[in-house]
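These notes are about the structure you will find just below.
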Amino acid sequence: MKTDAAPFRLEDYRAPAFTIDTVDLNFVLAPKATRVTATLAIRPNTDEAAQGRLELVGDETVLKGLKLDGVALPAERYTATPQLLVIEGAPNAPFTLEIETEIDADANTKLMGLYRSSGTYCTQCEAEGFRRITYFLDRPDVLAVYTTRIEATKADAPVLLANGNPVESGDIPGTDRHFAVWHDPFPKPSYLFAMVAGDLGVIKDSFRTMSGREVELRIYCEHGKEARCGYAMDALKRSMKWDEDVFGLEYDLDIFVIVAVSDFNMGAMENKGLNIFNDKYVLADPDTATDADYANVEGVIAHEYFHNWTGNRITCRDWFQLCLKEGLTVFRDQEFSSDMRSRAVKRIADVRTLQARQFPEDGGPLAHPVRPEIYHEISNFYTPTVYEKGAEVVRMLKTILGPEDFRKGMDLYFERHDGEAATVEDFVSSFADAAGVDLSQFMLWYSQAGTPQIVAKGQYDEDAKTYRLSLTQTVPATPGQSQKRPMHTPIRFGLMGPNGEDMGFSDVEGGRVEDGVIHLTEANQTLTFSGVGARPVPSLLRGFSAPVRLAIDISTADLLFQVRADSDPFNRWQAAQTLAMRNLIAGTAEQVAGRAPAVEPALIEALGEILDNERLEPAFRAQVLQLPSEADIAREIGRDVDPDAISAARRALRGAIARGLEDRLQRRYAALSEDGAAYAPDAGSAGRRALRNTVLDLLLATGTSAAIDQALRHYDGAHNMTDRLAAVGALSQAGLPERRQLLDAFHDRYAGDALVLDKWLMLEATVPAPETLDRVRELLRHPSYQANNPNRIRALVGSFAAANQTQFNRADGAGYDFLADFALDLDKRNPQTTSRILVSFRSWRALEPGRRARAESALRRIAAAEGLSPDTQDIVTRTLA
Ligand code: B3K
Ligand code: ZN
């Protein structure tokens, strides 16, 4: 077992003894026995090569032939196991190695390496899948130029694709077979290799780059789904233009291809010139995709495209540097979506995701730095910390440097490292050098795990007209890191005056304050602002300028003032969330004590004002009206969590808000109901739907039969997926019996459409009712469920575990036992998807003692099982540690 082996450590990095300059691949495709011939031009890279020992890694790899410089290698010169090919006496001079392997793509349920999805051959190589195709120096610092020849029967695979540009294709005379050859001139690591072969539909378009080159664009999908690819194509062209406009980055091949497949472990993959996507992030039309789906398609298409520069042209030296491409590329896709849509609403959505996914990781047993320093299984480090916190770190760099110096730093990074495998140090040095600043303290953001806690206290001196703001920062202990140092944390802020506008100040002492940003660098810092005309309401961490928890001693009245008047829309939303969270935490304690919770009437009034404020965009108003989730509340409570009490408190507050605002909600619903309007996926239209659907959802919290009828009518009257799903979702989440008729109707309407049925599976799995676990078990045998498809698994079991707080965390432990049984079975077929789902156990120590004990015993049962995959063993071991 790999996890019993020594872990990989950043400090142990050594350049490879040999490297590979060119790779020529020949795939002869056949379902059970594909033959791959890899011809590698190898040369010594370090002094170590003189020892003549060449080690190429494999993974379940089957060797069929081996030649060195054209001569078959005698058996005594090498040893081959499924994991390793070792050649002794390798020349200390350039040589050619020809390796022949055989692959059963049909039997590959791990979906790493070469596999088949609905009959189409496809590959997934990041991080360590290429070794499942051939023995290789499968590490990102070995950059080679690839030429790929693919041969298959014309009937099975009329479409033959690989990285780069097409160079040759044709029939193989006298057979029913044909071939194609692709050449990628840009040196790349093996994880960016891809090939696809199958019978697929296609849409085509083109893009003229800023230097005037015409690039052919193609999106392939299952036949019959071509019409659903239009939005993805549009998003691709906008991404290409945006990267030119904002970063000066142009596409570099003659063709850019996207292939949508239905069996995929993650979202998508940025293989050079040949992105392979989970079809859920390509296909969209009004009848089958929600507004959120459209936004996700746009964001993921952009993300993978942006990797062409941040990840492909400049790649990672080793897997510890993963955030170098992922954090940066997430930052870039977030900025793209902000420019395409509403910046404020996008920021709120991104921070919600960060707080929902990354904060619990950072606060639990799986916490690790943005750049980890040790791993057993790299697949388990494609985490919210590497991605989302990694993006926040780039965002802080921009805040600290300002937009001009940030851009200069990016330019210098490309200038210095294009064509290289780089490190986080290379990246940060580019900014330090371009802007002439010292970023050594900032580097701690990459090495210290844990969400910093910032405590702020303000005091106004009426006579002296000074405002003292004291700030402390502490970074909590995390696995393997007990001592932490203070970090350079940018806090964007304003001092709100009585009329709601920010007040100026004449001077500030105690720290660097520039362009509305406090540069917090010490553990304790007190800033004294002078010339402050009136008692300010401090608006701190505007735009969520750092990924921290902020605790501020601020009154309800001041928070209400922020909700009404803060010029920063993010903090307006944050103030409403903070008020609601205070109420929900107090309400949970009341529930536990068996008392009726009190609701703050001023909060209800403030929400009513936001609801009716026509100067605010509807999407923003919808965000303010959406209370913190049950998981958010659990995270804030942090210990002895009782999910039933949280759920009851949240229901009580929603009920009070809905009753308090019922008339206004009804009027707003009516005003937003524009009958007959054709669907458009733009942000403005989506925002109006979001507000109307949020209003409907709140109205259902009144529990009245009128509201239930309204939801049923909403379903019948819907002319797009967003509205239809909103009605079923609201009834399901309210746990109302009427949900059954809509869930069944929804299933029947979309029978046979797997991606839409995932929404149905997800709704079934997240109903907060005691019968849900049995329903989930029953659905595992439903014909619409496919036991080996990651999308189906995540929709049903993944959302049960991650998004059904009360039922996964049933007091009797049945939810935990179910997940353990499920994981033990799935682990035999798909370890990556298994370990991903098990992450739902990460906050088990924060549960009340009864649930905690039951979760622990389920985890221990998994840990004790024989033959666990390295992925699952690693997650379970760390979760229990
Ligand atoms: N780079 C891929 C993720 C690969 C995950 C491998 N386990 C998608 C992305 O982040 O763009
Ligand atoms: Zn990525």
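Every number here is computed from the coordinates shown, using simple stated rules; none is lab data. No experiment lies behind these values; they were computed from the predicted model shown. In this analysis, Cβ positions are derived from the backbone assuming ideal geometry, glycine residues included, and neighbour counts consider all displayed protein chains.
One line per residue, one yes/no per condition, for (1) in contact with a Phe, Trp or Tyr (Cβ under 9 Å, 6 or more places away or on another chain); (2) closer than 18 Å to Lys188 by Cα:
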position: Thr290; (1), (2): no, no
position: Ala295; (1), (2): no, no
position: Arg317; (1), (2): yes, yes
position: Leu324; (1), (2): yes, yes
position: Ser337; (1), (2): no, no
position: Val345; (1), (2): yes, no
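For the range 205-230, name all the residues that are under 22 Å from Lys280 (Cβ atoms) and touching a Lys or Arg at 6+ places or on another chain (Cβ under 9 Å).
Matches in the range 205-230: Asp205, Leu217, Arg218, Ile219, Cys221.
Which residue out of Arg615, Arg572, Arg639 is within 23 Å of Met503 (Cβ to Cβ) and not in a helix (DSSP H, G or I)?
Criteria check complete, one pass: Arg615.
Which of the residues belonging to the range 283-313 are within 14 Å of ligand 1 (Cβ to nearest atom) and either in contact with a strand residue (DSSP E or B) (Cβ under 6 Å, 6 or more places away or on another chain) or over 30 Å from Ala726 (Cβ atoms) (or both)?
Those that are within 14 Å of ligand 1 (Cβ to nearest atom) and either in contact with a strand residue (DSSP E or B) (Cβ under 6 Å, 6 or more places away or on another chain) or over 30 Å from Ala726 (Cβ atoms) (or both): Val300, Glu304, Tyr305, Phe306, His307, Asn308, Trp309, Thr310, Gly311, Asn312.
Just to be sure before I move on: is Glu326 away from ligand 1 (no atom under 13 Å from the Cβ), assigned to a helix (DSSP H, G or I) and under 28 Å from Ser211 (Cα atoms) in the structure I sent?
Criteria not met by Glu326.
Quick grid of which residues meet (1) within 16 Å of ligand 2 (Cβ to nearest atom); (2) touching a Lys or Arg at 6+ places or on another chain (Cβ under 7 Å):
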position	(1), (2)
Met112	no, yes
Ser117	no, no
Gln124	yes, no
Gly129	yes, no
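If we keep just the residues of the range 312-323 that are assigned to a loop (DSSP other than H, G, I, E, B) and of a type outside the set (S, T, N, Q), which is nearest to ligand 2 (Cβ to nearest atom)?
Going through the qualifying residues, I end up with Arg313.
Just to check your reading of the model, which residue among Glu55, Glu60, Glu128, Glu102 is charged (D, E, K, R) and within 28 Å of the chain's Cα centre (by Cα)?
Just one listed residue meets the conditions, Glu128.
Only one of Asp433, Asp418 is loosely packed, with under 15 Cβ neighbours inside 10 Å and out of contact with any Ser or Thr (no Cβ under 6 Å at 6 or more places or on another chain); which?
After ruling out the rest, the residue left standing is Asp418.
Please find, among Ala302, Ala356, Ala367, the residue that is part of a helix (DSSP H, G or I), in contact with a helix residue (DSSP H, G or I) (Cβ under 7 Å, 6 or more places away or on another chain) and away from ligand 2 (no atom under 16 Å from the Cβ).
Selected residue: Ala356, the only one of Ala302, Ala356, Ala367 that is part of a helix (DSSP H, G or I), in contact with a helix residue (DSSP H, G or I) (Cβ under 7 Å, 6 or more places away or on another chain) and away from ligand 2 (no atom under 16 Å from the Cβ).
Only one residue in Arg810, Arg829, Arg852, Arg836 is assigned to a helix (DSSP H, G or I), of a type in the set (D, E, K, R) and more than 16 Å from ligand 1 (Cβ to nearest atom), so which one is that?
The conditions single out Arg852.
Given the criterion over 30 Å from Ala881 (Cα atoms) and either in contact with a Pro (Cβ under 7 Å, 6 or more places away or on another chain) or touching a residue at least 24 places away in the same chain (Cβ under 8 Å) (or both), identify the matching residue among Thr474, Thr451, Thr466, Thr478.
Thr466
For the subset of the range 824-843 comprising residues that are hydrophobic (A, V, I, L, M, F, W, C) and over 22 Å from the mean Cα position of the chain (by Cα), which member is surrounded by the most Cβ atoms within 10 Å (Cβ to Cβ)?
The extreme case among them is Leu826.
Of the numbered conditions (1) in contact with a helix residue (DSSP H, G or I) (Cβ under 6 Å, 6 or more places away or on another chain); (2) surrounded by 20 or more Cβ atoms within 10 Å (Cβ to Cβ), Pro768 satisfies every one except a single condition; which is it?
All conditions pass for Pro768, except number (2).
Only one of (1) in a strand (DSSP E or B); (2) farther than 19 Å from Thr315 by Cβ is not met by Thr175, so which one is it?
That leaves (1) as the condition not met.
Could you list, in sequence order, the residues of the range 741-758 that are among the acidic types (Asp, Glu) and either within 18 Å of Gly224 (Cα to Cα) or surrounded by fewer than 20 Cβ atoms within 10 Å (Cβ to Cβ) (or both)?
Asp744, Asp748, Asp753
Filter the range 146-169 down to the residues that are under 32 Å from the mean Cα position of the chain (by Cα), of a type outside the set (Phe, Trp, Tyr) and under 21 Å from Leu66 (Cα atoms), then identify the one that is surrounded by the fewest Cβ atoms within 10 Å (Cβ to Cβ).
If we take residues in the range 146-169 being under 32 Å from the mean Cα position of the chain (by Cα), of a type outside the set (Phe, Trp, Tyr) and under 21 Å from Leu66 (Cα atoms), then Thr147 is surrounded by the fewest Cβ atoms within 10 Å (Cβ to Cβ).
Please note which strands (runs of 3 or more DSSP E) are completely contained in the range 478-535 and include at least 2 residues that are surrounded by 17 or more Cβ atoms within 10 Å (Cβ to Cβ).
Answer list for the range 478-535: 489-496, 517-520, 524-530.
Name the one entry in Ile378, Ile348 that is within 16 Å of ligand 1 (Cβ to nearest atom) and touching a residue at least 60 places away in the same chain (Cβ under 8 Å).
Ile378
Suppose we keep only residues that are in contact with a helix residue (DSSP H, G or I) (Cβ under 6 Å, 6 or more places away or on another chain) and farther than 17 Å from Leu757 by Cβ within the range 262-280. Which one would you say is farthest from ligand 1 (Cβ to nearest atom)?
Lys272
Out of the residues in the range 438-469 meeting the condition of being touching a His at 6+ places or on another chain (Cβ under 7 Å) and crowded, with 19+ Cβ neighbours inside 10 Å, tell me which one is farthest from Ile374 (Cα to Cα).
Phe442
So Arg639 ticks every box in (1) in contact (Cβ under 8 Å) with a residue 60 or more places away in the chain; (2) out of contact with any helix residue (DSSP H, G or I) (no Cβ under 6 Å at 6 or more places or on another chain); (3) among the basic types (Lys, Arg) but one. Which box is left unticked?
For Arg639, the failing item is (2).
In the range 314-323, what count of residues is obtained for those that are away from ligand 1 (no atom under 11 Å from the Cβ) and aliphatic (A, V, I, L, M)?
Number satisfying all stated conditions: 1.
Considering the range 324-353 alone, what residues qualify as being within 17 Å of Val300 (Cα to Cα), among the hydrophobic types (A, V, I, L, M, F, W, C) and within 16 Å of ligand 2 (Cβ to nearest atom)?
Leu328, Val330, Phe331, Phe336
Output the residues belonging to the range 848-872 that are crowded, with 16+ Cβ neighbours inside 10 Å and more than 18 Å from Phe818 (Cα to Cα).
Residues satisfying the conditions are Glu848, Ser869, Pro870, Asp871.
Among the residues of the range 563-582, is there at least one that is in contact (Cβ under 8 Å) with a residue 60 or more places away in the chain, among the β-branched types (Val, Ile, Thr) and farther than 30 Å from Gly390 by Cα?
No; the residues of the range 563-582 include none that is in contact (Cβ under 8 Å) with a residue 60 or more places away in the chain, among the β-branched types (Val, Ile, Thr) and farther than 30 Å from Gly390 by Cα.
Being surrounded by 15 or more Cβ atoms within 10 Å (Cβ to Cβ) and within 33 Å of the chain's Cα centre (by Cα): is that true of Thr472 here?
Yes, satisfied.
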